[in-house]
Amino acid sequence: MLDINYIRENAEEVKTACKNKQLDSSVVDQLLATDLKRRELQVLVDDLRRKSNDHAEVIKEAVQAGNKPTPEQIAKGKDIKTQIQSHEPELKEIQEEYKKLMFQIPNVPAQDVPIAKDESGNVVQRQVGEKPKFDFEPKEHFELMENLDMLDTKRAVRVGGFRSYFLKNDALLLEQAVLNYALKLLNEAGFTPMSAPILVNEEVMWGTGYFPWGNEDHYKTQDDQFLAGTAEVALTAYRMGETLNEKELPYKMCGLSPCFRREVGTYGKDTKGIIRVHQFNKVEQVVYTIADEEETRKWHQKMTGFSETLLNNLGLPYQVLLMCTGDMGAGQRKKYDIETWFPGQNKYRETHSASYFNDFQARRLNIKYQAKDGTIKYVYTLNNTMAATPRLLGAIIENYQQKDGSIKVPDVLQPYLGKDVIKI
């Protein structure tokens, strides 16, 4: 969430951010009105509590002096107590409303984020790698995988429903190779490898900013927990409620976990293959930095660079997009997407997403640090996909397909599979 003082002083800027992110800007005025009433009630209740304490002290002194409280004193004490009992529930109610409204205020995009309604406003920053040239018509990944007995979606749908899949034989080994190689690169870069919880508490979903805006896209259990759509949720919340020391920053974590998404609003999209599925696996990067946007932006570039290193080492062509206001999350201040080339589909498809938030998530999760000068500040947070499978498998398979239907294995993955070609 944003600092309430910032919202009070920059209300029009926050309203503009709402509009640019295709959100209702009236929530800002609702919040400010509620905040004013909350502060007024807090002053009133605090004053009544002070009067109650002062009156109790007068009664105490009278009793100690051997005098009984007068009827007037008793009546006054009851009157103050009645007023407190009348206003405290009202204060509690308005505090809850204030908190609810604060959680609905989005982050303000950075100044260099393009303003547009939808993905048509995203800006290509760079295209890297040479697209493969074939002397045959390239096939899509699912056809290649089915021919090589690497994928079964027909039986998976009977078992797990729509968008389910079985990875088989070398497909599973290739998936594990990609994930393990991604972890290896991040471990070498100083990240702490972690297995992240799949089930998380509701407060963590609110804390990371996935609620209230993305609650429809997450699965809820009968125990009122949620299946996380990314390891970012658990890793970002890892130090919630704690105060770190500045010498611990940057605090670098990488998590491996299954991920679950309902894919609400994607009916009819990408129904073939393993591009858009309900369950997948992902290696995620999460970093806490000091409360300095310039330093955070440096890490944003670094973390995007780690993903680019992976794609370069895999020999996959890709492009980096700067996302516009209408195609980024409510909590994100700036976001890059990386799209990898799929020759069978003749287009780039999103495979990575890198975002920074400043203190938006840290305020919600109450993650602070003690700076060198002794002051207490909120950390700034970032996250980025390192490798998400099976979508990345589709890119590898389409780019490395051969005329005979076999698949070359990228050089860096051959030690994991023990072979250089996948074939029948």
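The values are calculated or read from the model by the stated rules, or taken from the named source; none is laboratory data. Please read all numbers here as calculations on a predicted model, not as lab measurements. Counting neighbours? That spans all protein chains shown, and the Cβs are built from the backbone with ideal geometry, glycine included.
A few points about this structure:
- For the range 64-114, a residue qualifies if it is part of a helix (DSSP H, G or I), under 30 Å from K334 (Cβ atoms) and without any contact (Cβ under 8 Å) to a residue 40 or more places away in the chain, and the qualifying residues are K99, K100.
- Selection within the range 234-268 - among the hydroxyl-bearing types (S, T, Y) and in contact (Cβ under 8 Å) with a residue 12 or more places away in the chain: T236, Y238, T243, Y251, S257
- Checked against the criteria, S195 counts as more than 30 Å from K15 (Cα to Cα) and surrounded by fewer than 16 Cβ atoms within 10 Å (Cβ to Cβ).
- Counting only helices (runs of 4 or more DSSP H) wholly contained in the range 146-238, the ones carrying 1 or more residues that are over 20 Å from the mean Cα position of the chain (by Cα) occupy 154-160, 170-188.
- Enumeration of residues in the range 209-226 that are hydrophobic (A, V, I, L, M, F, W, C) and in contact (Cβ under 8 Å) with a residue 40 or more places away in the chain: F211, W213
- Selection count, the range 350-392, where residues are surrounded by 23 or more Cβ atoms within 10 Å (Cβ to Cβ), in contact (Cβ under 8 Å) with a residue 60 or more places away in the chain and within 30 Å of N147 (Cβ to Cβ): 7
Yes or no, residue by residue, for (1) within 15 Å of I407 (Cα to Cα); (2) among the hydroxyl-bearing types (S, T, Y); (3) not assigned by TED's automatic domain parsing to the domain that holds L173:
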residue: E97; (1), (2), (3): no, no, yes
residue: N107; (1), (2), (3): no, no, yes
residue: V113; (1), (2), (3): no, no, yes
residue: V123; (1), (2), (3): no, no, no
residue: V128; (1), (2), (3): no, no, no
residue: K131; (1), (2), (3): no, no, no
residue: F136; (1), (2), (3): yes, no, no
residue: E146; (1), (2), (3): yes, no, no
residue: M150; (1), (2), (3): yes, no, no
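- Scope the range 294-332; condition crowded, with 22+ Cβ neighbours inside 10 Å, touching an Asp or Glu at 6+ places or on another chain (Cβ under 8 Å) and more than 30 Å from F142 (Cβ to Cβ); matching residues: C324
- Of residues in the range 4-35 being part of a loop (DSSP other than H, G, I, E, B) and in contact with a helix residue (DSSP H, G or I) (Cβ under 7 Å, 6 or more places away or on another chain), the one surrounded by the most Cβ atoms within 10 Å (Cβ to Cβ): K21
- In the condition set (1) over 19 Å from N107 (Cβ atoms); (2) assigned to a helix (DSSP H, G or I), T296 is compliant with all but (1).
- In the set K252, K168, only one residue is surrounded by fewer than 16 Cβ atoms within 10 Å (Cβ to Cβ) and at pLDDT 95 or above; that residue is K168.
- Test: residue in the range 307-315 that is under 17 Å from G190 (Cα atoms) and in contact with a Leu (Cβ under 8 Å, 6 or more places away or on another chain): yes
- From the list L41, L36, L23, L2, the one residue that fits, being closer than 30 Å to F360 by Cα and touching a Leu at 6+ places or on another chain (Cβ under 6 Å), is L41.
- Residues of the range 206-225 that are among the aromatic types (F, W, Y) and either more than 20 Å from H278 (Cβ to Cβ) or out of contact with any Leu (no Cβ under 7 Å at 6 or more places or on another chain) (or both): W206, Y210, F211, W213.
- Residues of the range 408-418 that turn out to be touching a residue at least 40 places away in the same chain (Cβ under 8 Å), over 13 Å from E175 (Cβ atoms) and either in contact with a strand residue (DSSP E or B) (Cβ under 7 Å, 6 or more places away or on another chain) or not assigned by TED's automatic domain parsing to the domain that holds D135 (or both), as a count: 0
- For the range 282-293, the condition of being touching a residue at least 60 places away in the same chain (Cβ under 8 Å), aliphatic (A, V, I, L, M) and surrounded by fewer than 22 Cβ atoms within 10 Å (Cβ to Cβ) holds for at least one residue.
- Filtered by the rule that a residue be surrounded by 13 or more Cβ atoms within 10 Å (Cβ to Cβ) and closer than 15 Å to P89 by Cα, the range 38-69 gives R38, R39, L41, Q42, L44, V45, L48, R49.
- Some residue of the range 224-236 being touching a strand residue (DSSP E or B) at 6+ places or on another chain (Cβ under 7 Å) and surrounded by fewer than 17 Cβ atoms within 10 Å (Cβ to Cβ): no
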